[in-house]
Amino acid sequence: MIEYAHRWNEPALSNEQIATELTKQLGRTIEPAYIENLRNGTTVVIPRDIAETLCALCGVTDVAYLLPHGDEDVDLDLRVQLWTLARDRGVQHVAARAITRDKLGELIADLQALPARTR
């Protein structure tokens with residue numbers, strides 16, 4: 001989500017930037033190390049207020065992205081990976097209706113094999 005929430009030619013928000021903004025908005029200290037743990041999967045349970053604020057910061061309107069049930073997290077993560085790669089590779093159109101997880105994984109691998117766009 002964080003990797004997607006920026007223009008292709010700009011860097012993603014750093015852990016420090018995110019922690020600073022969450023601290024400001026929530027009125028309590030959020031450490032950059034906590035953000036790092038969320039990003040690398042060390043921490044998987046996230047309080048709803050942090051999830052809501054982080055989603056808003058990244059322009060995600062559905063907090064369910066960070067509070068999934070069952071296998072939804074896999075599906076959402078794969079879709080965000082797909083859109084991030086498409087943006088970063090300069091792909092203009094992707095049609096992926098009624099696609100299985102395996103096929104989505106193949107499509108992601110195909111996009112990863114493309115060179116990153118430079119302009």
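The values are calculated or read from the model by the stated rules, or taken from the named source; none is laboratory data. Model, not experiment: these values are computed from the prediction. Here the Cβ positions follow ideal geometry from the backbone for every residue, glycine too, while neighbour counts run over all protein chains shown. Surface accessibility is based on the protein's heavy atoms, side chains included, excluding ligands, DNA and RNA. Shrake-Rupley method; radii C 1.70, N 1.55, O 1.52, S 1.80 Å.
Ordering Trp8, Gln25, Leu38 by Cα displacement along the dipole of the range 1-42 toward the positive end leaves Gln25 in first place; charges were set at the Cβ atoms of Lys, Arg (+1) and Asp, Glu (-1).
Count Lys and Arg as plus one, Asp and Glu as minus one, and take only other residues whose Cβ is under 10 Å from that of Met1; the net charge is then -1.
For Cys55, the shell of other residues with beta-carbons less than 12 Å away shows a net charge of -2, using +1 for Lys and Arg and -1 for Asp and Glu.
Hey, what D do you get for the range 1-111 in µm²/s if you plug the Kirkwood alpha-carbon radius into Stokes-Einstein at 20 °C and 1.002 mPa s? Answer, rounded: 141 µm²/s. At a probe radius of 1.4 angstrom, the accessible area of the chain per residue rounds to 66 square angstrom. When the helices of the chain are scored as -39500 (n - 2.57) per DSSP H run of n ≥ 4 and the total is divided over every residue, the value at 222 nm lands at -16500 deg cm²/dmol.
Summarising the label geometry, the points placed 7 Å from Cα in the beta-carbon direction at Asn9 and Val91 lie 2.2 nm from one another. Seen from Ala12, the other residues with C-beta closer than 15 Å to its C-beta sum to a net charge of -3, counting Lys and Arg as +1 and Asp and Glu as -1. Surface composition of the range 1-111: carbon plus sulfur atoms hold 51% of the accessible area, using a 1.4 angstrom probe and ignoring ligands, DNA and RNA.
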